[in-house]
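Participant: This is the structure, below, for whatever I ask next.
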Amino acid sequence: MAKESQQELEQKHLDEVMDKIKIKEKSLDKTIDSAQGEARNLNFHYLDDVRLDYDDYSTSMETALTIQQQQQMLKEREHAWQQSTKQLDTLQRLEKSPYFARVDFKEEGEEKPETIYIGLGSCADDQEHFLVYDWRAPISSIYYDGKLGKVTYNAPDGERSVDMTKKRQFIIKNGKIENMFDTNESIGDQMLMNVLNEKSSTQMKSIVTTIQREQNKIIRNTSADLLFVQGAAGSGKTSAIMQRVAYLLYRYRGNLNSGQVIMFSPNQLFNDYVKNVLPEMGEQNMVQMTYWQFASRRVPGMKVENLFEQFEDEKQDDKVVNFENSLDFFNAVTRYAKHLNKSGMLFKNIYFKSKKKPFFDKEKIKEIYYSFNENYNLRNRIDATQEQLITDLNHRISSEARKAWVSKTIESLDPQQLQALYDRPDQEFESGEKEEKFLAKKIVTKELKQVAKKINHHRFLNIRGQYLAFLRAVPKIVDLAKWNISESEWQDHIEQVKERLRKHKIKMSDITPYLYLYDLMTGRRTDYTMRYAFIDEIQDYTPFQLAYLKYNFPKAKFTMLGDLNQAIFTKDASKNLLSQISKLFDPEKTDVVQLTRSYRSTKEITDFTKQILRQGEKIEAFDRKGPKPAFYKRDSIEKEYRALEDILTENDNQNLTTAIITKTLAEAKEVAQVLKERNIKATLIGSANQRLVEGTLVIPSYLAKGLEFDAVVAWDVSAKQYHELDETQLLYTIASRAMYKLDLTYLGEKSPILSSLKEGTYINK
Ligand SMILES: Nc1ncnc2c1ncn2[C@@H]1O[C@H](COP(=O)(O)OP(=O)(O)OP(=O)(O)O)[C@@H](O)[C@H]1O
């Protein structure tokens, strides 16, 4: 049959489905209205029906039962109502474009193929016959996974095999089939091309209709404890995670909710960028935070080095930092904490009234702490110490009541305050002395509450001191020579940490060991609620941080995604990250997936950017055409700015959104300022707390992570700016943000990192 008439038939089917959806919507609307009405009614009569008669004991039991029954009914109604609203929500999403694919397949032994349509949600007609299958349903997997012929998928009762006879894709807009393709490939390139040709936006899009086979593997993996995805820039790692979360929430619905899924993302801007993907698929967003937020909310009194400081601090890459980021160091903390069970725990005095004489002396606390036998672990020890201190505190109430400050306090009270101390207004006492004793006790008990609070909050622990003591003990635990660190270098480091702690500051490389030590010392309970943890841009994490995350979320399965070529914080140390991480997980339960095809950029840009990476990493370009990347060599800053102006005008004329990406924040500020003076509208993204907006942006490299733009201007890629070999990853990250057009300006000499590009893969302008 000609495509035309096929399309007519499909349009007819589509019209029928849409009609049925509309009818369903109407009936659901009614159900919701009446459920709401009933709930309201129930609430309204609630107070009438429940006659609260608590004075009479015999009826109070009855009252309680009535309340319970009423509440149960309300809950059920509410549940039905919620179900219906959820369904209505799905239908409304399906209404305009109910599905995007069709597959025909024959079950074994069957003659006639079955046809199913796949869309963003499921919908069945009144006879419970599915009009549309959710893309996450087991059977839908064959659409993404296989070619025509024999294919298998995982049904709830195990693997099933079917013969797929047709695979058809639709582009449907407002109820009309605009185009359709029959394909044998996983997902036809034509459909993908259509999607990829769309313009960039400030919000990430869902890729449901064109998920690729390799990506599907990531999305539907349920067996691995650690799923590690190494993927080139633009290969859809982030997109795949978002789809995976949606998939998991569907697959385990009823048992898994979005609050049990956590995602660590590179920065707040990025969170903003992806925030609509899940809601558009009808799911709630997971818990999302940056590692910095995760760490710093635990230490409210301290200033943790932030992204900006971390990036702009030149000395980041030294050997001490590398050591502190390692698993060796993690193990050192673990060993040190174990040893604390025998000795070495430090304590602080607890003061009350007098600043000179402690109320509880640290030596005394230590004695209590170590008085418990060896079977105690650190957590029990702290609990038992806390209990003992509270008991001691209570014993000291009488002796404290005899102190001078107490009678002075009583004298200073006004009649009202004094009155408030009595149990009853007309309380009588045998003698004045007894009365005074009574009041003194009251005052002391009240005042000692501060001490009790300190005890209960474990203020007797000396966490900072303990961290420093640990650092001092490190040379005894680890052979520092192995890390090429001398005794005196280590001592210097300790002094620096000490000095920073004194100012309530801590570096990124110290905060995680600090928290880990604290957790072990106090036996803080780790987070058992999280079932899935996602870590994007894994290359910017240290093995220590990953080990800590694993410790902190013991029940979670991990999905880690990254591109070791984009390590802009950990640089070369990231190269052996994978081998370090794999030590943390059972190898049997670790799956590694490689994504090599890059979807973000045109072939011209991908072919250009991959040359920046010397090792000739496996990166395949997707065959989409665009202009070749262009270099603008200029010999004065004025001319460089003029070139920038020309590029921006050209991009504007082509309706492309441009991001000017600079190396540092200071540069970004400067470029934004100059553009302003020249009356060119551009928004400076100077902090991760800002919003992405439409129009031209000026943004420093480390904030551009994970984002993408129609056009990128890599500002000043001169030899002066990028000269270290380990800045390769940085340049690669910048250049690979471009989807369609990439321009690179520089003053004087081009960076040596860009010197061996093949001729013909770029132009000079
Ligand atoms: N299967 C797909 N269908 C359509 N578009 C896709 C697909 N996979 C990826 N893309 C698109 O490619 C672009 C890059 O995807 P994404 O940001 O997820 O890649 P990434 O691997 O996280 O990149 P990076 O590491 O560089 O940040 C996005 O615009 C995304 O929509």
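Participant: Need the failing condition index for residue 381 against (1) at pLDDT below 85; (2) farther than 15 Å from residue 447 by Cα, just the number.
Facilitator: (1)
Participant: Can you give me the number of residues within segment 122-138 that are buried (at least 19 other Cβ atoms within 10 Å of the Cβ) and under 22 Å from residue 182 (Cα atoms)?
Facilitator: The qualifying residues number 6.
Participant: So, of the residues in segment 191-248 that are outside any helix (DSSP H, G or I), more than 11 Å from the ligand (Cβ to nearest atom) and hydroxyl-bearing (Ser, Thr, Tyr), which turns out to be modelled with the lowest pLDDT?
Facilitator: Looking at residues that are outside any helix (DSSP H, G or I), more than 11 Å from the ligand (Cβ to nearest atom) and hydroxyl-bearing (Ser, Thr, Tyr), I get 202.
Participant: Could you go through segment 110-129 and let me know if any residue there is in a helix (DSSP H, G or I), closer than 20 Å to residue 250 by Cα and of a type outside the set (Phe, Trp, Tyr).
Facilitator: Among the residues of segment 110-129, not one is in a helix (DSSP H, G or I), closer than 20 Å to residue 250 by Cα and of a type outside the set (Phe, Trp, Tyr), which makes the answer no.
Participant: Follow-up. When you look at residue 237, is it buried (at least 18 other Cβ atoms within 10 Å of the Cβ) and under 30 Å from residue 133 (Cα atoms), yes or no?
Facilitator: yes
Participant: The conditions are (1) over 22 Å from residue 143 (Cβ atoms); (2) among the polar types (S, T, N, Q); (3) surrounded by fewer than 17 Cβ atoms within 10 Å (Cβ to Cβ), and residue 222 fails exactly one of them. Which is it?
Facilitator: Only one criterion in (1) over 22 Å from residue 143 (Cβ atoms); (2) among the polar types (S, T, N, Q); (3) surrounded by fewer than 17 Cβ atoms within 10 Å (Cβ to Cβ) is unmet by residue 222, namely (1).
Participant: Name the one entry in 681, 618 that is exposed (fewer than 15 other Cβ atoms within 10 Å of the Cβ) and either of a type in the set (A, V, I, L, M) or within 20 Å of residue 602 (Cα to Cα) (or both).
Facilitator: Just a single option satisfies the conditions, and that option is 618.
Participant: Among the residues in segment 163-172, are any surrounded by 20 or more Cβ atoms within 10 Å (Cβ to Cβ), modelled with pLDDT under 85 and within 16 Å of the ligand (Cβ to nearest atom)?
Facilitator: No, there is no match, as no residue in segment 163-172 is surrounded by 20 or more Cβ atoms within 10 Å (Cβ to Cβ), modelled with pLDDT under 85 and within 16 Å of the ligand (Cβ to nearest atom).
Participant: Any chance segment 379-395 includes a residue that's over 23 Å from residue 525 (Cβ atoms) and touching a strand residue (DSSP E or B) at 6+ places or on another chain (Cβ under 9 Å)?
Facilitator: Yes, some residue in segment 379-395 is over 23 Å from residue 525 (Cβ atoms) and touching a strand residue (DSSP E or B) at 6+ places or on another chain (Cβ under 9 Å).
Participant: If you go through segment 627-643 one residue at a time, how many are under 21 Å from residue 604 (Cβ atoms) and in a helix (DSSP H, G or I)?
Facilitator: Looking only at that region, the number is 1.
For every residue, the table says whether it meets (1) out of contact with any Gly (no Cβ under 9 Å at 6 or more places or on another chain); (2) at pLDDT below 90; (3) under 29 Å from residue 505 (Cβ atoms).
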| position | (1), (2), (3) |
| --- | --- |
| 295 | yes, no, yes |
| 307 | yes, yes, yes |
| 333 | yes, no, yes |
| 351 | yes, yes, yes |
| 355 | yes, yes, yes |
| 358 | yes, yes, yes |
| 365 | yes, no, yes |
| 373 | yes, yes, no |
| 377 | no, yes, no |
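Participant: I need a count of the residues in segment 249-258 that are in a helix (DSSP H, G or I) and small (Gly, Ala, Ser).
Facilitator: Number of matching residues: 1.
Participant: Given the criteria surrounded by 20 or more Cβ atoms within 10 Å (Cβ to Cβ), among the aromatic types (Phe, Trp, Tyr) and either modelled with pLDDT of 90 or more or under 21 Å from residue 760 (Cα atoms) (or both), does residue 641 qualify?
Facilitator: So residue 641 does not fit the description; no.
Participant: Which condition does residue 454 not pass, out of (1) in contact (Cβ under 8 Å) with a residue 40 or more places away in the chain; (2) among the basic types (Lys, Arg); (3) out of contact with any strand residue (DSSP E or B) (no Cβ under 8 Å at 6 or more places or on another chain), if it passes all the others?
Facilitator: (3)
Participant: Output yes when any residue across segment 442-462 is over 30 Å from residue 409 (Cα atoms) and under 34 Å from the mean Cα position of the chain (by Cα), and no when none is.
Facilitator: yes
Participant: Residue check: is residue 523 under 28 Å from the mean Cα position of the chain (by Cα) and under 28 Å from residue 352 (Cα atoms)?
Facilitator: The answer is yes for residue 523.
Participant: Look through segment 699-756, keep the residues that are at positive phi and of a type outside the set (Asp, Glu), and return whichever of them is surrounded by the most Cβ atoms within 10 Å (Cβ to Cβ).
Facilitator: 706
Participant: Of 264, 270, which residue is within 11 Å of the ligand (Cβ to nearest atom) and not aliphatic (A, V, I, L, M)?
Facilitator: The unique qualifying residue is 270.
The rows are residues; the columns are (1) touching a helix residue (DSSP H, G or I) at 6+ places or on another chain (Cβ under 6 Å); (2) surrounded by fewer than 19 Cβ atoms within 10 Å (Cβ to Cβ); (3) in the same structural domain as residue 705 (by the TED database); (4) not acidic (Asp, Glu).
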{"residue": "205", "(1), (2), (3), (4)": "no, yes, no, yes"}
{"residue": "212", "(1), (2), (3), (4)": "no, no, no, yes"}
{"residue": "255", "(1), (2), (3), (4)": "no, yes, no, yes"}
{"residue": "286", "(1), (2), (3), (4)": "yes, no, no, yes"}
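Participant: Any residue in segment 473-489 that is closer than 19 Å to residue 347 by Cβ, in contact with a helix residue (DSSP H, G or I) (Cβ under 7 Å, 6 or more places away or on another chain) and among the hydrophobic types (A, V, I, L, M, F, W, C)?
Facilitator: Yes, there is a match, as at least one residue in segment 473-489 is closer than 19 Å to residue 347 by Cβ, in contact with a helix residue (DSSP H, G or I) (Cβ under 7 Å, 6 or more places away or on another chain) and among the hydrophobic types (A, V, I, L, M, F, W, C).
Participant: Here is a follow-up. Which of the residues that make up segment 370-406 are assigned to a helix (DSSP H, G or I), touching a residue at least 12 places away in the same chain (Cβ under 8 Å) and closer than 19 Å to residue 353 by Cα?
Facilitator: Hits for segment 370-406 are 389, 390, 392, 393, 397, 398, 400, 401, 405, 406.
Participant: Return the residues of segment 259-273 that are at pLDDT 85 or above, outside any strand (DSSP E or B) and either under 9 Å from the mean Cα position of the chain (by Cα) or of a type in the set (A, V, I, L, M) (or both); say none if nothing qualifies.
Facilitator: Of everything in segment 259-273, just one residue is at pLDDT 85 or above, outside any strand (DSSP E or B) and either under 9 Å from the mean Cα position of the chain (by Cα) or of a type in the set (A, V, I, L, M) (or both), namely 265.
Participant: I would also like to ask the following. Which residues, taken from segment 556-581, are hydroxyl-bearing (Ser, Thr, Tyr), modelled with pLDDT under 80 and either within 13 Å of the ligand (Cβ to nearest atom) or buried (at least 22 other Cβ atoms within 10 Å of the Cβ) (or both)? So that I can check it myself, show each step before the final result.
Facilitator: Start the filter on segment 556-581 by keeping residues that are hydroxyl-bearing (Ser, Thr, Tyr), which leaves 559, 570, 574, 579.
With modelled with pLDDT under 80 added as a condition, the list becomes 570, 574, 579.
Passing the criteria: 570, 574.
Participant: What residue, of 660, 680, is over 25 Å from residue 751 (Cα atoms) and either modelled with pLDDT under 90 or of a type in the set (Val, Ile, Thr) (or both)? Write out each step before concluding.
Facilitator: Values: 660 fails: over 25 Å from residue 751 (Cα atoms).
Among 660, 680, only 680 is over 25 Å from residue 751 (Cα atoms) and either modelled with pLDDT under 90 or of a type in the set (Val, Ile, Thr) (or both).
The values are calculated or read from the model by the stated rules, or taken from the named source; none is laboratory data. The shown structure was predicted, so the numbers you read here are calculated from the model rather than taken from an experiment. No Cβ is skipped: glycine too gets one built from the backbone with ideal geometry, and neighbour counts run over all protein chains shown.
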